[in-house]
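Okay, structure first, notes after.
The values are calculated or read from the model by the stated rules, or taken from the named source; none is laboratory data. Quick caveat, the model's predicted, so the values are computed rather than measured. Don't worry about glycine lacking a Cβ; one is built from the backbone with ideal geometry, like all the others, and counts go over all protein chains shown. The accessibility values were calculated without ligands, DNA or RNA, using every heavy atom of the protein model including side chains. Shrake-Rupley method; radii C 1.70, N 1.55, O 1.52, S 1.80 Å.
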Amino acid sequence: GAGVSQSPSNKVTEKGKDVELRCDPISGHTALYWYRQSLGQGLEFLIYFQGNSAPDKSGLPSDRFSAERTGGSVSTLTIQRTQQEDSAVYLCASSPQAASYEQYFGPGTRLTVT
Amino acid sequence: GENVEQHPSTLSVQEGDSAVIKCTYSDSASNYFPWYKQELGKGPQLIIDIRSNVGEKKDQRIAVTLNKTAKHFSLHITETQPEDSAVYFCAARTSGTYKYIFGTGTRLKVLA
């Protein structure tokens, strides 16, 4: 079946502009994660959604970052007033449920802030 | 806070040789340890995992070992092939939580 999809695959933006990144999880998966992967680094946790529970936003690096998940499915990560240090690959992953250990990753969005 | 250290950062092996990547975790309550393979331009893909109630797991040419006492786990790839070339990440997750702590990755190059 279809995996996790993300759009756009690449985004180049000017410093100070806002960007929206989209994640479509696997159908029926209730848990959704956003990660940031900077060059040569591991995955940095950003935010976690589980069903209708309040999201865990503890990984968001600043108040310029926000995310929402509508209808328990599609999620959007928004970065306002982008800075050059925001340049990274943003990865989305979904899991069947909170108790499930398996994560399925999307291909990521490569964000470049010029 | 919780931490996962991964070594080496890069590894080059001749085709047919074995490759070993090691990770050490800090949270003794961690109970799930996945390994991911990330090819260029793609998201990480789970290749093997192990839970804290077993010491070793094998899937064809890939195996993972876990030493809970020492808090480290390793990925072993035997008979390496050029298509094994990728970045490999380890991770740890603690029971009752949903957060994964990732290592910084190992770039494996298999030389033909």
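Going by the conditions given, is residue A:86 closer than 26 Å to residue B:6 by Cβ, surrounded by 14 or more Cβ atoms within 10 Å (Cβ to Cβ) and more than 14 Å from chain B (Cβ to nearest Cβ)? When the stated conditions are applied, residue A:86 passes them.
Within region B:2-18, the set of residues being of a type outside the set (Ser, Thr, Tyr), in a loop (DSSP other than H, G, I, E, B) and within 11 Å of chain A (Cβ to nearest Cβ) comprises B:2, B:3.
When residues in region B:37-63 are screened for being open to solvent by less than 60 Å² (accessible area, probe 1.4 Å) and within 14 Å of chain A (Cβ to nearest Cβ), 10 of them pass. For region A:23-69, residues that are on the phi < 0 side of the Ramachandran plot and part of a loop (DSSP other than H, G, I, E, B) total 21. Evaluate region A:90-111: report whether one residue or more is assigned to a helix (DSSP H, G or I) and in contact (Cβ under 8 Å) with a residue 24 or more places away in the chain. Among the residues of region A:90-111, not one is assigned to a helix (DSSP H, G or I) and in contact (Cβ under 8 Å) with a residue 24 or more places away in the chain, which makes the answer no. Go through region B:33-74 and give me each residue that's outside any strand (DSSP E or B) and not basic (Lys, Arg). If the condition is that a residue be outside any strand (DSSP E or B) and not basic (Lys, Arg), then B:39, B:40, B:41, B:43, B:44, B:52, B:53, B:54, B:55, B:60, B:69, B:70 are the ones that fit.
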